[in-house]
Amino acid sequence: MSWSKQEILLATGGKILREGREVVFGEVVTDSGKVVKGSVFVALKGERFDGHDFLREAARRGAACLVVHKRPGVFHLKGAAVIRVRDTLKALGDLARHRRNMVAPKVLAITGSNGKTTTKEMVAAILDRAAIHGKSLRGRVLKTEGNFNNLVGLPLTLLRLKGRERVAVLELGTSRPGEIRRLTEIADPDIGLITSVAPAHLTGLRNLAGIAREKGELFRGMNPGGLAVVNMDDPWVRRLAGSFKGDKITYGTSGEVRGESRVSLGTQGAEFTLRAGSGRQRIRLKFCGEHNFSNAVGAAAMAYGLGVDLETIGRGLEAVRPFLMRMSLETWRGIGIINDAYNANPASMEAALKTLVEIGTTGEKIAILGDMLELGRESGESHRELGKQVARYGIDRLYLLGEQARRVQQAALLAGMEKGRVVIGKNHRQIARIVQRQVRRGDWLLCKGSRGMKMEKVVEALKETGE
């Protein structure tokens, strides 16, 4: 979809500094390397870069319009129009909100401390098989890709709308106060879901109450004509939903939509009965772990709130599979690996340990864990609790990496683990070499840590050392 100069001015409240040669422009980009002829280049300023330093390159590549908040020298900007705004990051969000309103899809927004991405993928898989008002949604569902869930990523996701989409499934992430409020303002969701409230990003959000306030901005910012999807098994989410004035649909143990009679299938996932109203649907889920069972029921509730029938919900949930480094399962030389290295916080760590225990194995259960980052003042206690959990769940061996490894080790030993079964490594490769010498066929490994720890490198190095 193209942009007119007047549309950009209307959406952003900007002012023309230079008219330029064109009055109709192409797509919005924020990376000068992705500029093509006719692009609108928005010059964002980050901590390590300033897009204003790349205006000349953007113009050279063919940008027809430059959106800035600094007055640039116009020399060497070729024929590009220049529009000045007060804040280019805000302008990017405003352009996305304008595109969202022009295309007018149903917008489903998901936030929470854990399970956002999994729930988003499940919802998208369901909707791609669904129909609304008799019209198929196949190929007409936009979803957040990768980690495009912040103040830059979410607008870029909405700016991918081309005009034929009928639904947008968006993930909203945050690490500091105010982000969810702004993301909600941009997305203007019709249906909103908070998966959970748990310790994460405490460096920016300070404590659990701060996390709850931030996540709660989704319900507070939604139009009263929207629908809130409420996880009744999370006390914080129940409390946050109390102030929402619009309609609600609940899920969980006591919710309107609930999963019953769950049976673990080990590495094959789980089976359960989805119940909503008087309807029931038996579903075989390819995801392991009780937490993914909860994610699936939440996704089902969101789709059900949009009007999707249980049979279609079941087909979508059965089709979706785990994704890279998020509880993905693989086998290597008779050894099972749970690669959950994408990220970690206290709640997701415990959920992953429970999943490791739940998988039936003839060998040992081994945890390879990196630090949980961004926990602020709670970091020390959270890592000590992690060590206790590893011992409590009966994990056979524990390998640790990071600045908090000593705390985890001490807590695990005090809780009863044998000294020789808790090892701190200097780096990914050293851990891989030690594990490779000790692991046996039938063992299962869990590899997990915060994104900054890059714990997937242990799995990569392990495979290299075993060749």
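The values are calculated or read from the model by the stated rules, or taken from the named source; none is laboratory data. Just so it is clear, the structure is predicted and the values come from calculations on it, not from any experiment. In this analysis, Cβ positions are derived from the backbone assuming ideal geometry, glycine residues included, and neighbour counts consider all displayed protein chains.
Output the residue which, of all residues in the range 295-318 that are touching a helix residue (DSSP H, G or I) at 6+ places or on another chain (Cβ under 7 Å) and of a type in the set (V, I, T), is nearest to E121 (Cα to Cα).
Step one: filter the range 295-318 for residues touching a helix residue (DSSP H, G or I) at 6+ places or on another chain (Cβ under 7 Å), giving 295-296, 298-300, 302-304, 308, 312-313, 316-317.
Now restrict to residues that are of a type in the set (V, I, T): 308, 312-313.
Values: V308: 16, T312: 15, I313: 13 Å.
Result: I313.
When residues of the range 391-417 are filtered for being within 29 Å of E464 (Cα to Cα), of a type in the set (D, E, K, R) and surrounded by fewer than 22 Cβ atoms within 10 Å (Cβ to Cβ), how many remain?
Here the count works out to 3.
Are any of the residues in the range 306-325 under 23 Å from Q404 (Cβ atoms), in contact (Cβ under 8 Å) with a residue 12 or more places away in the chain, of a type outside the set (S, T, Y) and touching a Phe, Trp or Tyr at 6+ places or on another chain (Cβ under 7 Å)?
Checked the range 306-325: at least one residue is under 23 Å from Q404 (Cβ atoms), in contact (Cβ under 8 Å) with a residue 12 or more places away in the chain, of a type outside the set (S, T, Y) and touching a Phe, Trp or Tyr at 6+ places or on another chain (Cβ under 7 Å).
Inspect the range 166-189 for any residue being crowded, with 24+ Cβ neighbours inside 10 Å and modelled with pLDDT under 95 and give the result as yes or no.
Within the range 166-189 (the criterion being crowded, with 24+ Cβ neighbours inside 10 Å and modelled with pLDDT under 95), the answer is yes, since at least one residue qualifies.
Looking at the range 362-448, what strands (runs of 3 or more DSSP E) fall wholly within it and have at least 3 residues that are more than 26 Å from the chain's Cα centre (by Cα)? Working first, answer last.
Details: elements: 365-370, 397-401, 422-424, 444-448.
Where strands (runs of 3 or more DSSP E) fall fully within the range 362-448 and carry at least 3 residues being more than 26 Å from the chain's Cα centre (by Cα), they are 397-401, 422-424.
Got at least one residue in the range 254-265 being among the aliphatic types (A, V, I, L, M) and either surrounded by 21 or more Cβ atoms within 10 Å (Cβ to Cβ) or part of a loop (DSSP other than H, G, I, E, B) (or both)?
Yes.
Could you list, in sequence order, the residues of the range 73-102 that are of a type outside the set (A, V, I, L, M, F, W, C) and outside any loop (DSSP other than H, G, I, E, B)?
The answer is R84, T88, K90, G93, D94, R97, H98, R99, R100, N101.
State yes or no: is E165 touching a strand residue (DSSP E or B) at 6+ places or on another chain (Cβ under 6 Å) and over 21 Å from T118 (Cα atoms)?
On the way: touching a strand residue (DSSP E or B) at 6+ places or on another chain (Cβ under 6 Å): yes; over 21 Å from T118 (Cα atoms): yes.
When the stated conditions are applied, E165 passes them.
Scan the range 48-66 for residues that are over 17 Å from L151 (Cα atoms) and not in a helix (DSSP H, G or I) and jot them down.
If we filter the range 48-66 for residues that are over 17 Å from L151 (Cα atoms), which is where we start, we get 52-66.
Within the range 48-66, G62, A63, A64, C65, L66 qualify.
Does S294 meet the test of being out of contact with any Asp or Glu (no Cβ under 6 Å at 6 or more places or on another chain), hydroxyl-bearing (S, T, Y) and either free of Cβ contacts under 8 Å to residues at least 60 places away in the same chain or more than 26 Å from P346 (Cα to Cα) (or both)?
Taking the combined requirement at face value, the residue does not satisfy it.
Inspect all residues belonging to the range 221-234 and state whether any of them is assigned to a helix (DSSP H, G or I) and either closer than 30 Å to G336 by Cα or assigned by TED's automatic domain parsing to the domain that holds N150 (or both). Full working, then the answer.
Taking the range 221-234 and keeping what is assigned to a helix (DSSP H, G or I), we get 221.
Restricting the remaining residues to those that are either closer than 30 Å to G336 by Cα or assigned by TED's automatic domain parsing to the domain that holds N150 (or both) gives 221.
Yes, because at least one residue in the range 221-234 is assigned to a helix (DSSP H, G or I) and either closer than 30 Å to G336 by Cα or assigned by TED's automatic domain parsing to the domain that holds N150 (or both).
With the structure loaded, tell me whether E22 is surrounded by fewer than 20 Cβ atoms within 10 Å (Cβ to Cβ) and closer than 26 Å to V103 by Cβ or whether it fails that test.
Here the answer is yes, as E22 does meet what is asked.
Residues R129, R99: which one is touching a helix residue (DSSP H, G or I) at 6+ places or on another chain (Cβ under 7 Å) and outside the structural domain of I211 (by TED's automatic domain parsing)?
R99
Name the one entry in R100, R84 that is in contact with a Lys or Arg (Cβ under 6 Å, 6 or more places away or on another chain), of a type in the set (K, R) and surrounded by 19 or more Cβ atoms within 10 Å (Cβ to Cβ). Break it down stepwise before answering.
Values: R100 fails: in contact with a Lys or Arg (Cβ under 6 Å, 6 or more places away or on another chain).
Answer to the check: R84.
Just checking, does the range 274-294 include any residue being modelled with pLDDT of 95 or more, among the basic types (K, R) and out of contact with any Gly (no Cβ under 8 Å at 6 or more places or on another chain)?
Yes.
For the range 34-50: of the residues being within 26 Å of the chain's Cα centre (by Cα) and in contact (Cβ under 8 Å) with a residue 12 or more places away in the chain, which is surrounded by the fewest Cβ atoms within 10 Å (Cβ to Cβ)?
Looking at the filtered set, the residue picked out is K45.
Here is a list: G153, G115, G146, G93. Which entry is touching a Ser or Thr at 6+ places or on another chain (Cβ under 8 Å), under 21 Å from T184 (Cβ atoms) and either at pLDDT below 95 or buried (at least 22 other Cβ atoms within 10 Å of the Cβ) (or both)? Step through it out loud before you land on a result.
Numbers: G153 fails: either at pLDDT below 95 or buried (at least 22 other Cβ atoms within 10 Å of the Cβ) (or both); G146 fails: touching a Ser or Thr at 6+ places or on another chain (Cβ under 8 Å); G93 fails: touching a Ser or Thr at 6+ places or on another chain (Cβ under 8 Å).
Going through G153, G115, G146, G93 in turn, just one is touching a Ser or Thr at 6+ places or on another chain (Cβ under 8 Å), under 21 Å from T184 (Cβ atoms) and either at pLDDT below 95 or buried (at least 22 other Cβ atoms within 10 Å of the Cβ) (or both): G115.
Tell me whether the range 368-376 contains one or more residues that are among the hydrophobic types (A, V, I, L, M, F, W, C), assigned by TED's automatic domain parsing to the domain that holds Q430 and over 17 Å from L446 (Cβ atoms).
For the range 368-376, residues among the hydrophobic types (A, V, I, L, M, F, W, C), assigned by TED's automatic domain parsing to the domain that holds Q430 and over 17 Å from L446 (Cβ atoms): present.
Just give me the residues in the range 331-361 being part of a strand (DSSP E or B) and in contact (Cβ under 8 Å) with a residue 24 or more places away in the chain, in sequence order.
Hits for the range 331-361 are W332, I335, G336, I337, I338, N339, D340.
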